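The values are calculated or read from the model by the stated rules, or taken from the named source; none is laboratory data. Predicted, not measured: the structure shown is a model, and the values here were computed from it. When we count neighbours, we look across all protein chains shown, and the Cβ atoms used for this are built from the backbone with ideal geometry, even at glycine. All accessible areas refer to the heavy atoms of the entire protein, side chains included, with ligands and DNA or RNA removed. Shrake-Rupley method; radii C 1.70, N 1.55, O 1.52, S 1.80 Å.
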Amino acid sequence: MFHSARLHLTGWYLLIIMLISISFSVVIYKVLSVEVQRFDRLQRGKLERTFTLTNPSFSPAYPATKAVLVSFDPELLSETQRRLTNSLIFINTLIFVLAGGLGYWLAGRTLWPIKEMIEEQNQFITDSSHELRTPLTSLKSGLEIGLRDTELTLADARQVMTESIEEVNKLVTLSDGLLQLAQYQKPQNRTTFTTVSLAEVSQKAVNQVKTLAKNKQQVIKNNIQNLKLEANPDGLQDLLVILIDNAIKYSPDKSTITLSSQKTDGSVKIRVSDEGIGIADHDQTHIFDRFYRADLARSKSVATGYGLGLSIAKKIVATHQGTLTVASQEKKGSTFTVTLPLKH
Ligand code: ADP
């Protein structure tokens, strides 16, 4: 598909370049022909006048005059025109070959980002369908087994329903994550950026997840300074929720999660630190990829998830032209650092 689109675009580039080139050649040919004829007429007139003055018995048939006038004879004129036509044909052929090669290269460069975008979209659909299949299959088989069981008691039916609701909840979480990812995949409109108070946004994010921390008897220390920055308030809150939620999920009961900030020249660093399971070195480069889950996290006993949170966080940070990094040590804890410009 990419190849045929590239050839198609090359054809259009070639057509446009050749139309311009041939039009110019026709104009050049016409102008030069008219100029040569005018020059010829002027020279003939001038010579005839000179000879008439110096030689009253002038006649175009006079041998000396003939010798001079011969250089402007019609044959020479048509020869000049023929040579001009040949040169223009040669130049146009050269332009055709060069424009073909250049057009093919240019078409490739033009289509490359579109190709990458389509591949990315296809990968997104494939990955999403794959992830959606697991809870759907488990939901289907649970219901089928329940339906086939002729001795199903009310208690069994309740059990099947409870398990089904769990799978439906997983599907809801997954589709919410996918929707959020798709939302931040779109180029952000700068009009969504306003001056926000970092302390206020971070407190809202903490409030959103504090019940989860309470369930694990964890403490969230919010040491974020009260400074202002230009950002999308919802995006910033979602970003902090993702990081704090992960810190809660991947940390043991009764541990502490610390939020801090540091203002530097024109930017702010926001840190979310935990005393959790940490991330192995070989996982640290992949955790920002969609659907990636580190080995430790994949073991169901630790926490459930779909590996979407950090890829959403990365997209939010990218829309703010910032960076997101991690420093972590297994069994010691992790610190995620977001660096955002204060102004855009
Ligand atoms: P999810 O948490 O749903 O699996 P994320 O994209 O948020 O997805 O995280 C990707 C992976 O990064 C997680 O599966 C986990 O392995 C690792 N991770 C993220 N945050 C932490 C953290 N604070 N501590 C330890 N591991 C983490």
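Is it true that some residue in the stretch 243-255 is open to solvent by less than 40 Å² (accessible area, probe 1.4 Å), touching a residue at least 40 places away in the same chain (Cβ under 8 Å), of a type outside the set (A, V, I, L, M, F, W, C) and more than 15 Å from the ligand (Cβ to nearest atom)? No: the stretch 243-255 contains no residue that is open to solvent by less than 40 Å² (accessible area, probe 1.4 Å), touching a residue at least 40 places away in the same chain (Cβ under 8 Å), of a type outside the set (A, V, I, L, M, F, W, C) and more than 15 Å from the ligand (Cβ to nearest atom).
Conditions tested, residue by residue: (1) in contact with a strand residue (DSSP E or B) (Cβ under 8 Å, 6 or more places away or on another chain); (2) more than 8 Å from the ligand (Cβ to nearest atom); (3) not in a helix (DSSP H, G or I).
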position	(1), (2), (3)
306	no, no, yes
311	no, no, no
317	yes, yes, no
324	yes, yes, yes
327	yes, yes, yes
331	no, yes, yes
337	yes, yes, yes
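Condition (residue is in contact with a Leu (Cβ under 8 Å, 6 or more places away or on another chain), within 7 Å of the ligand (Cβ to nearest atom), open to solvent by 30 Å² or more (accessible area, probe 1.4 Å) and in a loop (DSSP other than H, G, I, E, B)) applied to the stretch 265-280: is it met by at least one residue? Yes, some residue in the stretch 265-280 is in contact with a Leu (Cβ under 8 Å, 6 or more places away or on another chain), within 7 Å of the ligand (Cβ to nearest atom), open to solvent by 30 Å² or more (accessible area, probe 1.4 Å) and in a loop (DSSP other than H, G, I, E, B). Scanning the stretch 137-170 for residues that are among the basic types (Lys, Arg) and surrounded by 12 or more Cβ atoms within 10 Å (Cβ to Cβ) turns up 140, 170.
For the stretch 190-204, taking the residues that are open to solvent by 90 Å² or more (accessible area, probe 1.4 Å) and not basic (Lys, Arg), the one that is nearest to residue 250 (Cα to Cα) is identified as 200.
Conditions tested, residue by residue: (1) in a helix (DSSP H, G or I); (2) of a type outside the set (Lys, Arg); (3) modelled with pLDDT under 95.
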{"residue": "204", "(1), (2), (3)": "yes, no, no"}
{"residue": "209", "(1), (2), (3)": "yes, yes, no"}
{"residue": "254", "(1), (2), (3)": "no, no, no"}
{"residue": "258", "(1), (2), (3)": "no, yes, no"}
{"residue": "262", "(1), (2), (3)": "no, yes, no"}
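Scanning the stretch 1-32 for residues that are under 22 Å from residue 82 (Cβ atoms) and surrounded by 12 or more Cβ atoms within 10 Å (Cβ to Cβ) turns up 21, 22, 24, 25, 28, 29, 32. Contact map, the stretch 287-301: residues that are within 18 Å of residue 247 (Cβ to Cβ) paired with residues that are at pLDDT below 65 and more than 7 Å from the ligand (Cβ to nearest atom), Cβ distance under 9 Å, separation 6+ or inter-chain. Pairs shown: 296/302. Can you find a residue that is free of Cβ contacts under 8 Å to residues at least 12 places away in the same chain and not in a helix (DSSP H, G or I) anywhere in the stretch 223-241? Checked the stretch 223-241: no residue is free of Cβ contacts under 8 Å to residues at least 12 places away in the same chain and not in a helix (DSSP H, G or I). Checked against (1) within 14 Å of the ligand (Cβ to nearest atom); (2) out of contact with any His (no Cβ under 9 Å at 6 or more places or on another chain), residue 292 passes all but a single condition, namely (2). Does the stretch 292-308 contain at least one residue that is within 21 Å of the chain's Cα centre (by Cα) and open to solvent by less than 30 Å² (accessible area, probe 1.4 Å)? There is at least one residue in the stretch 292-308 that is within 21 Å of the chain's Cα centre (by Cα) and open to solvent by less than 30 Å² (accessible area, probe 1.4 Å). Within the stretch 101-121, residues that are under 12 Å from residue 3 (Cα atoms) and in contact (Cβ under 8 Å) with a residue 60 or more places away in the chain sit with their Cβ atoms under 9 Å from residues that are surrounded by 15 or more Cβ atoms within 10 Å (Cβ to Cβ) and of a type in the set (Phe, Trp, Tyr), at 6+ positions apart or across chains, in these pairs: 104/13; 107/13. Within the stretch 205-224, the set of residues being in contact with a strand residue (DSSP E or B) (Cβ under 7 Å, 6 or more places away or on another chain) and surrounded by 14 or more Cβ atoms within 10 Å (Cβ to Cβ) comprises 206, 210, 213, 218, 220, 222, 224. Scanning the stretch 309-344 for residues that are over 21 Å from the mean Cα position of the chain (by Cα), crowded, with 18+ Cβ neighbours inside 10 Å and among the basic types (Lys, Arg) yields nothing.
Looking at 183, 218, 159, which one is free of Cβ contacts under 8 Å to residues at least 24 places away in the same chain and either among the hydroxyl-bearing types (Ser, Thr, Tyr) or over 22 Å from residue 322 (Cα atoms) (or both)? Exactly one residue qualifies, and that residue is 159.
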